[in-house]
Amino acid sequence: MTQPTAEHVGHLLRDARGEKGWTQGQLASELGTSQSAIARMEQGKQNLSLRMIERLESIFGRTIVKVGKRQMTHLRVEGGRTLSGSVDVNSSKNAGVALLCASLINRGTTTLRRLARIEEVNRIVEVLTSIGVECTWLNGNDLRIRRPKTLDLASMDVEAARRTRSVIMLLGPLLDEAASYQLPYAGGCDLGTRTVEPHMQALRQFGLSVEAKSGFYSVQAPPADGDHRTFVLTERGDTVTENAIMAAAHRSGTTVIRNASPNYMVQDLCFYLQGLGVVIDGIGTTTLKITGRPAIDVDIEYFPSEDPIEAMSLITAGIVTNSEVTICRVPIEFMEIELATLEQMGQQLDISGEYFARNRRTRLVDVTTKPSRLRAPEDKIHPMPFPGLNIDNLPFFAVIAGNAEGQTMIHDWVYENRAIYLTELNKLGAQVQLLDPHRIYVNGPTKWRGAEVGCPPALRPAACLLLAMLAARGTSELRNIYVIERGYEDLAERLNTIGAKIEYFQD
């Protein structure tokens, strides 16, 4: 099938908007973008991602364009531009995934407001829909979820489940949904691998029995009990903690979880469950006390809080382009170490007074980056569990250190080999020296230059390449951006609203 031109799509978009009787400003509000971005779309001056087309079709309730077999999508970046203006932080990807899984605990209607419409969320929605859950998008980014009395677990979309590691987080909410069932597992994970075994250790505390058989988790549900239980997580993982919380939430009795993660997505999950009537003490600490409810039937509306990783991404865009940009709705509780580290490097930041997120619990600020002369920090930069520097924010310091005078060591002790992907910044003029699979030296300052680079398979290093391209003189191309679309909603479009010049294209 011949791919439609941007001009053709623009005409169709303008017609659809006209039929609805909306102004460009009204459509921009629905999409969470600027009126000028809508104007560029309608004039055919901006290629649209497949996900953006899907969002527009959801808003208008009609087909905008028929798309054939999915082609790889790439980005073309005209770098060296100074950015200005303000941009909002979207809701948390990781919180959204956890809340989708937790909605299965509720027999009533869950409405998640301003949910990030990213590929990871889309895969979980496909899985839920396949087992009989009614998932309806409302007004662009609001999702209404209604589960049937009995889930059809045998009809689960195996392909969608295998495309997301988050499927493991269904074990907690499905704890005793059926006497036995199978759950696909993704990426060839074995029960003995580091990423999976901690989940099993936690869920065995509730009596769950899981075996790996031919690419599936074979699950035997535990018998009902009203026991009180206390256990320690041997690994303070975010998703492990969430799985244990969801299991405890619909189990009679009181569960005490020690060495629990108090990170942002865990707190969002707890706030949602409190809205369902689950009693949870210790939110924000490493000891949680949960008194579950075995039968939950509540109609609830919940707003996931803003994403600190996206906030760091946008702040990095302002820093590497030496620009004055305001990042609005930054969840300060989960960014304090990052911002303090930046200030130690000489970065000037204006930070507003605090206000509450829409969930009325998470504290937000607005952060304005100022043109600054950066210097390498005295000590290495490394992540720690919350309230330390977030492991997912660590890669952005490789780009920022590229703008700093001197040598910066970055120690990514958590992930195997992720540091290797950051050496791709060298194609854009950086001086990144790989010491071992976990450590790099970044020598600055960098004279960034345009280049064509393929997206690595890791989300944050891929985003780092895009941000470095904003600073690079000339034109750059970032090839096959699916990994970025898994974790960011319309990142390129929103960077364009503050002065970037990024275009989508396909071969």
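The values are calculated or read from the model by the stated rules, or taken from the named source; none is laboratory data. None of the values given here were measured: they were computed from a predicted structure. Positions of Cβ are backbone-derived with ideal geometry, glycine not excepted, and every protein chain shown enters the neighbour counts. Quick note on the areas: whole protein, heavy atoms, side chains included, nothing else; ligands and nucleic acids left out. Shrake-Rupley method; radii C 1.70, N 1.55, O 1.52, S 1.80 Å.
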So for segment 84-237, taking the charge dipole from beta-carbon charges (+1 Lys/Arg, -1 Asp/Glu), which of ALA161, ALA178, PHE216 sits furthest toward the positive end? ALA161
Fully extended, how many nm does the chain gain between GLU57 and ARG361 (0.36 nm per residue separation, minus their Cα-Cα distance)? 106.1 nm
Taking Cα atoms, how many degrees apart are the long axis of helix 6-20 and the longest axis of the chain, rounded to 10 and kept between 0 and 90? 60
Excluding ligands, DNA and RNA, what is the solvent-accessible area per residue of the chain at a probe of 1.4 Å, expressed in Å²? 39
Ignoring ligands, DNA and RNA, what percent of the accessible area of the chain is carbon or sulfur (1.4 Å)? 46
Among ASN393, LEU428, MET409, the residue whose Cα sits farthest towards the positive end of the charge dipole of segment 376-449, when +1 is placed on the Cβ of each Lys and Arg and -1 on the Cβ of each Asp and Glu, is LEU428
Projected onto the charge dipole of the chain (unit charges on the beta-carbon of Lys, Arg, Asp and Glu, signs +1, +1, -1, -1), the Cα from THR129, VAL278, CYS101 with the largest positive-side position is that of THR129
Kindly provide the helix-only [θ] at 222 nm of the chain, computed as the sum of -39,500 (n - 2.57) over DSSP H runs of four or more divided by all residues, to the nearest 500 deg cm²/dmol? -9000 deg cm²/dmol
Using the Karplus curve 6.51 cos²θ - 1.76 cosθ + 1.60 with θ = phi - 60°, what ³J(HN,Hα) values do you get for each residue of segment 370-382, in whole Hz, with x for Gly and Pro? 10, x, 9, 9, 8, 10, 5, x, 5, 10, 5, 9, 8
Within the chain, longest stretch clear of exposed GluC sites (Glu not before Pro) (DSSP loop, no more than 12 other Cβ within 10 Å): 1-353
How large is the direction-averaged shadow of the alpha-carbon convex hull of the chain, in nm²? 22.3
Using a Förster distance of 35 Å, the FRET efficiency for ARG107-GLU7 (Cβ separation, nearest 0.05): 0.10
What angle, in degrees between 0 and 90 and rounded to the nearest 10, separates the Cα long axis of helix 308-320 from the longest principal axis of the Cα atoms of the chain? 10
Set LYS427/LYS501; LYS93/LYS380; LYS380/LYS447; LYS370/LYS447, cut-off 26 Å on Cα-Cα distance; pairs above it are LYS93/LYS380
Would you list, by chain and number, the aspartates and glutamates whose Cα falls below 19 Å from the Cα of LYS213, excluding same-chain residues fewer than 8 positions away? ASP157, GLU159, ASP190, GLU197
In sequence order, calculated HN-Hα J values of segment 473-486 (Karplus, 6.51, -1.76, 1.60; Hz; x Gly/Pro): 5, x, 9, 10, 10, 10, 9, 6, 8, 3, 4, 5, 5, 5
With a point put 7 Å past each Cα toward its Cβ, work out how far VAL298 is from GLN201 in nm, to one decimal. 3.1
Round to the nearest 10 and give me the degree value, 0 to 90, for the angle of helix 50-60's Cα axis relative to the longest principal axis of the chain. 70
Rounded to the nearest 5, the percent of DSSP beta bridges in the chain running antiparallel is 75
Could you give the dipole magnitude of the chain about its Cα centre, charging the beta-carbon of Lys and Arg +1 and that of Asp and Glu -1, in debye to the nearest 20? 500
The alpha-carbon center of segment 103-158 and that of segment 360-417 are separated, in whole Å, by 35
May I ask you to list the chymotrypsin sites (Phe, Trp or Tyr not before Pro) in segment 366-462 that are in a DSSP loop and have at most 14 other Cβ atoms within 10 Å of their Cβ? TRP413
